[in-house]
Amino acid sequence: MKNYSKQREEIINVIKELYNHPTAEEVYIIVKGKDPSVSRSTIYRNLGLLAEHGIINKITMPDSPDRYDYIREEHNHVICIKCNNAFDFNYNFEYENIKTQVESQTGVEINNKCIVLQGICNACREAQTKKGRKIKCQKN
């Protein structure tokens, strides 16, 4: 990206400092606290530009707002189906094999090497157990 922007730099710093993969709204609230003149549209526009240029990673969430990540190394995510938090994990998937299999079965051309898994995080499991209800696995 050619143009320097103090607000853009602040957005990057917020995402670097947070390990919870913040949403655009969470980034906006934090940046707004530091710079009251910043608008929501500035945050959203800059997040889009930063993701488009590969400076940050956009994690597309199926049923909730997208999240953003600064870790530059190749890694994967697991999403909690209860709280929608995203967690990083490293595992050496055989991407080319997976890509070939998925493309041959679905006809969808794969262009992203990130694998996203879903589950229930420790905090949500503990909260459910405290409420006296155990979470049961759903069979597909």
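Suppose the filter is at pLDDT below 90, part of a strand (DSSP E or B) and not β-branched (V, I, T); does D88 pass it? Yes; evaluated as a whole, the condition is true for this residue. Scanning the range 39-69 for residues that are in contact with a helix residue (DSSP H, G or I) (Cβ under 6 Å, 6 or more places away or on another chain) and part of a loop (DSSP other than H, G, I, E, B) returns a single hit, I56. Got at least one residue in the range 60-67 being under 17 Å from N13 (Cα atoms) and assigned by TED's automatic domain parsing to the domain that holds L18? Yes, the range 60-67 contains at least one residue that is under 17 Å from N13 (Cα atoms) and assigned by TED's automatic domain parsing to the domain that holds L18. Per the conditions (1) among the hydroxyl-bearing types (S, T, Y); (2) surrounded by fewer than 12 Cβ atoms within 10 Å (Cβ to Cβ); (3) not in a loop (DSSP other than H, G, I, E, B), the sole criterion not satisfied by Y4 is (3). When the range 13-23 is filtered for residues that are surrounded by 19 or more Cβ atoms within 10 Å (Cβ to Cβ) and assigned to a helix (DSSP H, G or I), the ones remaining, listed by number, are V14, I15.
The values are calculated or read from the model by the stated rules, or taken from the named source; none is laboratory data. Treat the numbers as computed from the prediction; the structure is a model and nothing was measured. Using ideal geometry, Cβ is built from the backbone for each residue, glycine included, and neighbour counts are taken over all protein chains shown.
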